[in-house]
Structure formats: C-alpha cells, structure tokens
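*Asks:* Before I ask anything, here is the structure I am working with.
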Amino acid sequence: MAPILEYRDLSKIFFKGNQQVHALDHVTAEVQEGELLAIVGPSGCGKSTLLNLSAGLMEPGTGDVLYRGRPLTGVNTQVSYVTQKDNLLPWRTVEDNVALPLQLGDRVRLSKDERRERVTRHIELVGLGGFEKHYPSELSGGMRKRAQLARSLVYEPEVLLMDEPFGALDAQLKLVLQAELLRTWEGTGRTLVFVTHDLTEAISIADRVIVMSSRPGRIQAIEHIDLPRPRDVFGIRFAPGFGDYFERLWSALREDIRHGQEV
Ligand code: ADP
Ligand code: MG
C-alpha cells in the first residue's frame with residue numbers, strides 16, 4: 001500500500017489577537033490508501049486542524065501535507081469532509097442536500113438521470129430511503145448524520161474525512177451508525193480518516209489508531225489493529241486482543257494527561 005496522504009513535520013500556530021495557540025507540533029504520519037485510520041486525542045489537540053489541512057482548507061505553519069506524493073497547494077478536491085458541525089442546508093430537502101456536491105463545479109460530469117440514480121442510491125445506502133423530501137429540521141440527529149454521510153459519498157471521493165461524526169449521539173445509536181459506516185466502507189477500497197475522542201470507537205472500526213497528545217498536538221502512539229473483518233462493532237469489544245489494544249492506547253492517552261497535569 002502506498003500513502004495517499006502524508007503529513008511531514010507539520011506544525012501550526014494560530015494567532016488570536018496577541019495570543020498564540022500552538023495547535024500542532026511536528027506531526028509526521030502517513031495515511032495508507034484504502035485504510036481506515038482513526039485519530040484519537042483530547043479536545044483541543046488539533047484533530048480538526050489536521051483534517052482541515054488534509055482538505056487543503058488551511059495552510060500549515062511549517063511542514064507539508066502531501067497528497068499522492070505532491071504537496072497540497074489549495075483545496076483538495078479528491079477528499080470529502082464530514083465536518084464536526086452539522087452543515088446541511090436547512091432550505092434544501094434531503095435529496096437536494098445530497099445532490100449538492102454533484103451540482104458544484106465540474107468534479108463529476110453526469111446526466112440528469114445518472115445524477116438522480118446516484119443520489120437515490122446513496123440515500124438508500126445510508127438508510128434514509130423514504131426521507132428524500134424531508135427537510136433537515138424534520139430529521140433526528142442520527143438521520144442528519146446519515147444525510148451528511150450520503151452527501152459526502154455521492155461523488156465517490158478517494159478519501160473521506162470524518163470529524164467526530166457520532167460524538168453527540170447516544171451510545172446505542174452510535175453503535176448502529178458505526179456498524180452502518182463499516183458496512184458502507186468495507187470492500188470499497190476507499191480511504192477513511194475518522195477523528196474521534198472515543199478510544200473504544202477508534203479500536204472497533206479502525207485498521208490503525210493514532211493517539212495524539214494534548215495541545216500542542218503531537219503523535220503519541222500508533223497501533224495497528226489486527227482484528228478480523230468484517231467486524232461486528234457490538235461484539236468486538238469482547239473479542240480476544242481488544243483489551244490489550246485498549247490498555248496500550250489508553251496508557252498512551254493517560255500518560256499524556258498525567259504529564260499535562262504536572263506542568
Ligand atoms: P480538536 O479538534 O482536537 O478539538 P482543533 O484542531 O479544533 O482541536 O483546535 C486546536 C486548537 O487550535 C484549539 O485550541 C483551538 O481553539 C485552536 N484553533 C483551531 N482553529 C483555530 C482558528 N481558526 N483560529 C484560532 N484558533 C484556532
Ligand atoms: Mg475538533
């Protein structure tokens with residue numbers, strides 16, 4: 001496997017008035033093509049910043065983001081991004097929201113019929129069949145997440161970036177959506193970068209987990225998760241090996257928290 005995204009010695013400092021926020025500190029890592037990479041870390045450690053950089057929405061202070069070996073110089077049109085904030089357009093129905101990426105720019109040239117077919121297929125894929133004509137305000141939180149997911153998948157991007165997509169949902173719904181995400185992703189060969197602050201979620205779904213330290217965000221640990229696929233997110237936490245992964249990664253997170261308290 002070749003890296004599709006590479007972070008080379010990335011640092012990022014934000015300036016707010018005369019205050020500085022050191023968000024990322026010498027981050028070097030790779031995202032392999034086709035893998036599901038989870039990035040875990042405490043709030044404020046730069047996870048969203050890393051995704052913004054991957055999408056080419058901002059520039060690093062120092063260091064490079066490479067996409068297929070080339071430094072990113074503008075918006076990365078090969079990735080799609082489910083942002084932390086719900087950004088469905090309230091005045092558009094589910095199907096019109098999902099169709100949006102196909103109507104913007106010329107990333108995908110499709111006939112009207114093909115476009116309709118793709119929209120319908122992706123709405124079905126995320127389990128929203130029957131809700132095509134509903135507006136976001138008529139949907140539950142979980143359904144809005146599904147609509148966002150359908151909208152990100154509709155132009156079949158090479159890489160999907162997801163920023164704490166299930167963070168605000170209750171525990172049961174979260175499991176259901178994790179299972180659906182895996183069902184949607186497994187076998188596609190597409191790359192998925194999934195940011196979360198939930199270690200169990202990360203181990204359950206990922207091929208690799210990166211643990212970041214608290215701010216300024218550094219890479220604290222990287223672990224391959226060799227649990228079999230397809231995975232049953234309901235049962236996997238009781239599978240042999242899960243506890244060992246949890247313990248190792250948790251100790252990396254905890255060590256950092258302890259260190260943070262001392263200084
Ligand atoms: P996370 O997603 O891990 O919670 P973020 O990447 O959102 O962390 O933010 C890392 C740090 O950088 C935070 O302290 C945040 O307040 C700060 N930050 C993020 N974006 C900006 C910005 N555009 N301007 C100023 N500070 C920012
Ligand atoms: Mg964030």
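The values are calculated or read from the model by the stated rules, or taken from the named source; none is laboratory data. On a predicted model such as this, the values are computed, not experimentally measured, just so you know. With ideal geometry, Cβ positions are generated from the backbone for all residues, glycine too; neighbour counts draw on all protein chains shown.
*Asks:* State yes or no: is Ser214 surrounded by 17 or more Cβ atoms within 10 Å (Cβ to Cβ) and within 16 Å of ligand 1 (Cβ to nearest atom)? First the steps, then the outcome.
*Replies:* Working: surrounded by 17 or more Cβ atoms within 10 Å (Cβ to Cβ): yes; within 16 Å of ligand 1 (Cβ to nearest atom): yes.
Judged against the criteria, Ser214 is a match.
*Asks:* For the structure I just gave you, tell me whether Glu114 is closer than 26 Å to Val176 by Cα and either in contact (Cβ under 8 Å) with a residue 24 or more places away in the chain or surrounded by fewer than 16 Cβ atoms within 10 Å (Cβ to Cβ) (or both).
*Replies:* When the stated conditions are applied, Glu114 does not pass them.
*Asks:* Taking Leu175 as the residue in question, decide whether it is at pLDDT below 95, over 25 Å from Asp9 (Cβ atoms) and crowded, with 19+ Cβ neighbours inside 10 Å.
*Replies:* No, not satisfied.
*Asks:* A further question on this structure: When you scan region 115-128, do you find a residue that is in a helix (DSSP H, G or I), hydroxyl-bearing (Ser, Thr, Tyr), at pLDDT 95 or above and farther than 22 Å from Asp163 by Cβ, even just one? Talk me through it step by step, then tell me what you get.
*Replies:* Quick first cut of region 115-128, residues in a helix (DSSP H, G or I) only: 115-125.
This time we only want the ones that are hydroxyl-bearing (Ser, Thr, Tyr), so: 120.
Now drop any that are not at pLDDT 95 or above, which leaves 120.
Remaining after also requiring farther than 22 Å from Asp163 by Cβ: 120.
Looking for residues that are in a helix (DSSP H, G or I), hydroxyl-bearing (Ser, Thr, Tyr), at pLDDT 95 or above and farther than 22 Å from Asp163 by Cβ, one finds at least one in region 115-128, hence yes.
*Asks:* Check Ser48 against each of (1) under 19 Å from Lys12 (Cβ atoms); (2) away from ligand 2 (no atom under 12 Å from the Cβ) and name the one condition it does not meet.
*Replies:* Every condition holds for Ser48 apart from (2).
*Asks:* Applying the selection to region 136-160, what residues are within 14 Å of Leu100 (Cα to Cα) and among the hydroxyl-bearing types (Ser, Thr, Tyr)?
*Replies:* Once the filter is applied, which keeps residues that are within 14 Å of Leu100 (Cα to Cα) and among the hydroxyl-bearing types (Ser, Thr, Tyr), region 136-160 yields Ser152, Tyr155.
*Asks:* Within region 178-193, does at least one residue satisfy the condition of being at pLDDT 95 or above, within 16 Å of ligand 2 (Cβ to nearest atom) and closer than 30 Å to Val21 by Cβ?
*Replies:* Yes; the residues of region 178-193 include at least one that is at pLDDT 95 or above, within 16 Å of ligand 2 (Cβ to nearest atom) and closer than 30 Å to Val21 by Cβ.
*Asks:* In this structure, is Thr49 under 14 Å from the mean Cα position of the chain (by Cα), buried (at least 19 other Cβ atoms within 10 Å of the Cβ) and not hydrophobic (A, V, I, L, M, F, W, C)? Walk me through how you get there before you give the answer.
*Replies:* Details: under 14 Å from the mean Cα position of the chain (by Cα): yes; buried (at least 19 other Cβ atoms within 10 Å of the Cβ): yes; not hydrophobic (A, V, I, L, M, F, W, C): yes.
It is true that Thr49 is under 14 Å from the mean Cα position of the chain (by Cα), buried (at least 19 other Cβ atoms within 10 Å of the Cβ) and not hydrophobic (A, V, I, L, M, F, W, C).
*Asks:* Tyr7: within 20 Å of the chain's Cα centre (by Cα), within 16 Å of ligand 2 (Cβ to nearest atom) and of a type in the set (Phe, Trp, Tyr), yes or no?
*Replies:* Considered against the rule, which asks whether it is within 20 Å of the chain's Cα centre (by Cα), within 16 Å of ligand 2 (Cβ to nearest atom) and of a type in the set (Phe, Trp, Tyr), Tyr7 comes out as no.
*Asks:* Right, another one. Determine if region 10-20 includes at least one residue that is charged (D, E, K, R), under 20 Å from Leu192 (Cβ atoms) and modelled with pLDDT of 95 or more.
*Replies:* Within region 10-20, not a single residue is charged (D, E, K, R), under 20 Å from Leu192 (Cβ atoms) and modelled with pLDDT of 95 or more.
*Asks:* Right, here's the next one. Working only within region 139-185, note down all residues that are touching a residue at least 60 places away in the same chain (Cβ under 8 Å) and among the small types (Gly, Ala, Ser).
*Replies:* Ser152, Gly167, listed by residue number.
*Asks:* I'd like the full set of residues that are away from ligand 2 (no atom under 16 Å from the Cβ) and crowded, with 20+ Cβ neighbours inside 10 Å, limited to region 158-171.
*Replies:* Residues satisfying the conditions are Val159, Leu160.
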